[in-house]
Amino acid sequence: MTATDTPPDFLTLGADARRIALRHTPSTPEAGPGVLWCGGYLSDMRGTKAERLAQWGEGVGRAVVRFDYSGHGESEGAFIDGTISRWAEEALAVFDRATTGPQVVVGSSMGGWIALLLARALAARGESQRLAGLVLIAPAPDFSEELMWNAMTPEIRAEIEQTGVWYRKSDYGEPTPITRAFIEDGRRNLVLGSPFAVGCPVRILQGVADDVVPWQHAMKLVTCLAEDDVVITLVKDGDHRLSREEDIARIIEAVETVA
């Protein structure tokens, strides 16, 4: 049985004692910094990119830790209770309890926002040296405000404000609840709009054909990271998933290059 096939481990956190599922690959000390995968909104650690990254880690001896946010995948909790603060808390808990030494944090879509908040939390504790680099795939910082709220009709906004939740139709299953708590919490975690530093190299991969997170959104992030070593790669025909073979190769190359 490979590391990608093993049952998940769990860690427990929060007043509600929610259990967060995680998986990790074995490592060899000389292989290099570990990797922490932070997935996207409504995604899980069994997705194509996360699985392939874990397989790569197993092959080269690099520790790769991936997890599911509460309300996602194999973790406990209800999705409707999720907020950016809650999921960022879970990412930090996994970082603290399941990784050692320097880490490359790979954040996909919403995971890019989570990765930036993780960097901020580590800096506040004086532990920025634990970050060897950030690799951000179609990063979506501030998406609850920039890409959700600002795109909603007045009627939808009123429904969220008055009832506390609006259910967005999905082509892939049950409608997705978007709560007032999620929107309001997102505003407390905004990172765009003014310069800030993460203190490590940053590599961004962004599809120009992305119809979920426009490439211009990624450029806003680049302008905010003025003090850091930042390289953005625009994939002309790339969509939001960036999970084709050539996209996976770019992601792994970015991880290897950054640390």
Within the stretch 204-217, the residues that are surrounded by 19 or more Cβ atoms within 10 Å (Cβ to Cβ) and either aliphatic (A, V, I, L, M) or on the phi > 0 side of the Ramachandran plot (or both) are 204, 205, 213
Inside the stretch 48-103, the number of residues satisfying the requirement of being over 19 Å from residue 123 (Cβ atoms), out of contact with any strand residue (DSSP E or B) (no Cβ under 8 Å at 6 or more places or on another chain) and charged (D, E, K, R) is 4
Is there a residue in the stretch 160-176 that is touching a residue at least 40 places away in the same chain (Cβ under 8 Å), open to solvent by 40 Å² or more (accessible area, probe 1.4 Å) and assigned to a loop (DSSP other than H, G, I, E, B)?
no
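For (1) within 20 Å of residue 121 (Cα to Cα); (2) among the polar types (S, T, N, Q); (3) modelled with pLDDT of 95 or more, each residue gets a yes or a no:
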position	(1), (2), (3)
191	yes, no, yes
210	no, no, yes
213	no, no, yes
243	no, yes, yes
249	no, no, yes
Picked from the stretch 218-251 (must be in a helix (DSSP H, G or I) and touching a Leu at 6+ places or on another chain (Cβ under 7 Å)), the residue surrounded by the most Cβ atoms within 10 Å (Cβ to Cβ) is 221
Wholly inside the stretch 1-84, strands (runs of 3 or more DSSP E) that include 2 or more residues that are open to solvent by 30 Å² or more (accessible area, probe 1.4 Å) are 9-13, 18-24
Restricting the stretch 114-146 to residues that are under 21 Å from residue 54 (Cα atoms) and assigned to a helix (DSSP H, G or I), the one most open to solvent (accessible area, probe 1.4 Å) turns out to be 130
Filter pass, residue 195 being at negative phi and in contact with a strand residue (DSSP E or B) (Cβ under 7 Å, 6 or more places away or on another chain)
no
Expected single match for modelled with pLDDT of 95 or more, on the phi > 0 side of the Ramachandran plot and touching a helix residue (DSSP H, G or I) at 6+ places or on another chain (Cβ under 7 Å) among 126, 164 is 164
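The values are calculated or read from the model by the stated rules, or taken from the named source; none is laboratory data. Quick caveat: nothing in here was measured; it's all calculated off a predicted structure. Backbone-built Cβ (ideal geometry, glycine too); neighbour counts: all protein chains shown. The protein model used for the area step is the full one, side chains on, heavy atoms only, and it has no ligands, DNA or RNA in it. Shrake-Rupley method; radii C 1.70, N 1.55, O 1.52, S 1.80 Å.
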